[in-house]
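Participant: Below you'll find the structure I mean.
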Amino acid sequence: MFSFFEWMVAMRYLRARRQEGFISVIAWFSLLGIALGVATLIIVMAVMNGFREELLSRILGINGHLSIYGQTNQLRDFDPIAERLRKVTGVVAVTPMIEGQVMATARGIAQGAVVRGIRAQDLAARNIVADNIKSGSLADFKGKNAIIVGQRMASKMGVLVGDKITLISPKGNTTAFGTVPRMKAYTVAATFQIGMYEYDSSFVFMPLKNAQVYFKMPGAVSNLEVFVTHPDDAIAIGRDISKEMKGKARIHDWQRVNASFFNAIQVERNVMFLILTLIIVVAAFNIISSLIMLVKDKGKDIAILRTMGATSGMIMRIFFIAGASVGTIGTMAGFGLGLAFTENIETIRQWIQGLTGTDLFAAEIYFLSKLPAVVDPSEVVAVVLMGLGLSFLATLYPAWRASKLDPAEALRYE
C-alpha cells in the first residue's frame, strides 16, 4: 500500500534539520503525550478493576451472597430451614449466624466491634479467613471463652494470642438498679488478616453457642448467610428462596446491600476514563499542529516532488505515514509502559513510600492493605485502538492539505 519511496521521504521529514527543530520538538511532545495518555489509561483502568475485584472477593468471601432474616430479630428452628435452603438450585452453602455490635476493651483501649457467632466448621469453610490466620490456630476456636479477632484490632489493643478482651454489649442485664451493660472477658484464640481494613480492625468471631448465650438468643440466630454458585445469580436465587420460605423471611442480596459502594466505584471509573482520554485527544491535536507546520515548511519540497511526477495520493500518503508513525510509536510505548507499571505497581508504591517517607495508600482510607491492579485484555485493546484511531484521524487533514498544494503557487512564493 505504501511504497519504499513514501516511507523514506516520511522518515526524512520526521528527522528535522536545525532550522526545523521546533517542528521536531512538537512531534516528540505529541509522541510523549500519546504514550503517557495510553499508559495512564491502562494503569488507572487496571487499578479500578483491581479495587472492584479485591473488594468484591473480600466482601463476598466474608459475607454471604444472600442474608435471610426472620420476621422478628430472631430466627428459630434455623437448622431445618438451612437444610431446606441447601436443596434450592444454585445454593452452595447456608451458614447460621448471630451478629451483634459491642464495645471491645483491652489494656485500657476501647473501640467498637462487630461480633459474629458462627460454628467452627462453618468458619473453617470460609477460605478467606481460614487461609489468612496470622497467629494462633482455628483448632482452638472452641470452649466457652474463645474468640478470633482481626490482626489490626489485636495490634491496636496490644493483645496477643492467649490474652483477654472484654466485650461489652449495649443490651445489658436488667437489675434492681436499672439496665447494666453485659460484660464478659474472652480469650484470643487466633488472629486473622484478610487485607481489608474494615474487617481486620473490627471483626470478632465467636462460637455460635457462646454467642447465643452472650446475646441472649437461646436456640435462635439473627440470620442465615447463603452462598450461591455465581454472585450475579443471587437475586434470582433469592426469589426461589422466598418461594421456599413462603414469604416468611426478609431476604437481602449483596448487590442491594453494597449497591452504593460499587456504584460509586463504577462512576469514578467512568469519569477517570473520560478525563484521561483528554490527554490522548490533546496529543492528537499536537500531531495536527506539527504536521500543518511541517506541510507549510515543506511547501517547496512538495512542489518539486509534484513536478517530478509524484501524485497527490503519494504526497498524502507521505504525510500520513509521518503523522501515523508518531501516533503508533507513542501508543505502543504507552502500551508497554502501562503494562510494566501495573505488573510492578505495589513494588513501585513501596519504593516511593520508602523514598518520601509518606504513606501513599493508607489502609484505613482505601479499605485495602495493598494497591491492587487487574488488567482486562479487552480494555487494553480498546485503549490501544483508541490511541491509534485518534492518531490516524489527526493526520488526515494535514495530509489532505499537503496533497492539494498547488506546485506553481508554492514555487512562486519561494
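The values are calculated or read from the model by the stated rules, or taken from the named source; none is laboratory data. These numbers were taken from a predicted model, which means no experiment stands behind them. Every residue, glycine among them, receives a Cβ derived from its backbone with ideal geometry; neighbour counts consider all protein chains shown.
Participant: Assuming residue 232 fulfils every condition listed in (1) part of a strand (DSSP E or B); (2) without any contact (Cβ under 8 Å) to a residue 40 or more places away in the chain; (3) among the acidic types (Asp, Glu) apart from one, which condition is it?
Facilitator: Just one mismatch for residue 232, condition (1).
Participant: Given the stretch 239-352, what helices (runs of 4 or more DSSP H) lie entirely inside it while holding 1 or more residues that are more than 30 Å from residue 67 (Cα to Cα)?
Facilitator: The qualifying helices (runs of 4 or more DSSP H) are 259-297, 299-307, 312-343.
Participant: I would also like to ask the following. Quick check on the stretch 114-136. Is at least one of its residues hydroxyl-bearing (Ser, Thr, Tyr) and more than 30 Å from the chain's Cα centre (by Cα)?
Facilitator: no
Participant: So the check is Cβ under 8 Å with 6+ separation or different chains; which pairs have a first residue in the stretch 17-44 that's in a helix (DSSP H, G or I) and a second one that's modelled with pLDDT under 70 and basic (Lys, Arg)?
Facilitator: Pairs that qualify, where the first residue is in a helix (DSSP H, G or I) and the partner is modelled with pLDDT under 70 and basic (Lys, Arg), are 24/15.
Participant: Pairs please, first residue from the stretch 147-164 and acidic (Asp, Glu), second anywhere and buried (at least 19 other Cβ atoms within 10 Å of the Cβ), Cβ atoms under 9 Å, 6+ apart in sequence or on different chains.
Facilitator: Listed pairs, sorted by first residue: 163/106; 163/154; 163/157; 163/188.
Residue-by-condition table, conditions (1) out of contact with any helix residue (DSSP H, G or I) (no Cβ under 6 Å at 6 or more places or on another chain); (2) modelled with pLDDT of 80 or more:
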residue	(1), (2)
306	no, no
309	yes, no
312	no, no
321	no, yes
324	no, yes
328	yes, yes
338	no, yes
342	no, yes
348	yes, no
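Participant: Next up: Does residue 394 count as at pLDDT 75 or above, in contact with a Phe, Trp or Tyr (Cβ under 6 Å, 6 or more places away or on another chain) and part of a helix (DSSP H, G or I)?
Facilitator: For residue 394, the condition - at pLDDT 75 or above, in contact with a Phe, Trp or Tyr (Cβ under 6 Å, 6 or more places away or on another chain) and part of a helix (DSSP H, G or I) - is not met.
Participant: Sticking with this one: Among residues belonging to the stretch 232-272 that are touching an Asp or Glu at 6+ places or on another chain (Cβ under 9 Å), of a type outside the set (Gly, Ala, Ser) and at pLDDT 80 or above, point out the one that is surrounded by the fewest Cβ atoms within 10 Å (Cβ to Cβ).
Facilitator: My answer is 235.
Participant: Residues that are in contact (Cβ under 8 Å) with a residue 60 or more places away in the chain, of a type in the set (S, T, N, Q) and surrounded by fewer than 19 Cβ atoms within 10 Å (Cβ to Cβ): does the stretch 331-340 have at least one?
Facilitator: Checking the stretch 331-340: not a single residue is in contact (Cβ under 8 Å) with a residue 60 or more places away in the chain, of a type in the set (S, T, N, Q) and surrounded by fewer than 19 Cβ atoms within 10 Å (Cβ to Cβ).
Participant: Here are 46, 113: which of them is under 24 Å from residue 164 (Cβ atoms) and buried (at least 21 other Cβ atoms within 10 Å of the Cβ)?
Facilitator: 113
Participant: Give the stretch 293-330 a look and list any residue that's surrounded by fewer than 17 Cβ atoms within 10 Å (Cβ to Cβ), β-branched (Val, Ile, Thr) and either farther than 30 Å from residue 379 by Cβ or without any contact (Cβ under 8 Å) to a residue 24 or more places away in the chain (or both), or say none.
Facilitator: Correct list: 304, 307, 311.
Participant: Evaluate the following for residue 198: is it of a type in the set (Asp, Glu), at negative phi and modelled with pLDDT under 85?
Facilitator: yes
Participant: Here is a follow-up. May I ask you to list pairs of residues, at least six apart or on different chains, whose Cβ atoms are under 6 Å apart, with the first in the stretch 107-120 being touching a residue at least 60 places away in the same chain (Cβ under 8 Å) and assigned to a strand (DSSP E or B) and the second being surrounded by 13 or more Cβ atoms within 10 Å (Cβ to Cβ) and of a type outside the set (A, V, I, L, M, F, W, C)?
Facilitator: That search, which allows pairs on different chains as well, returns 113/202; 114/202; 115/100; 116/99.
Participant: Between a residue in the stretch 74-89 that is surrounded by fewer than 18 Cβ atoms within 10 Å (Cβ to Cβ) and any residue that is modelled with pLDDT under 85 and part of a loop (DSSP other than H, G, I, E, B), which pairs come within a Cβ distance under 9 Å, given they are 6 or more apart or on different chains?
Facilitator: The qualifying pairs are 76/70; 84/245.
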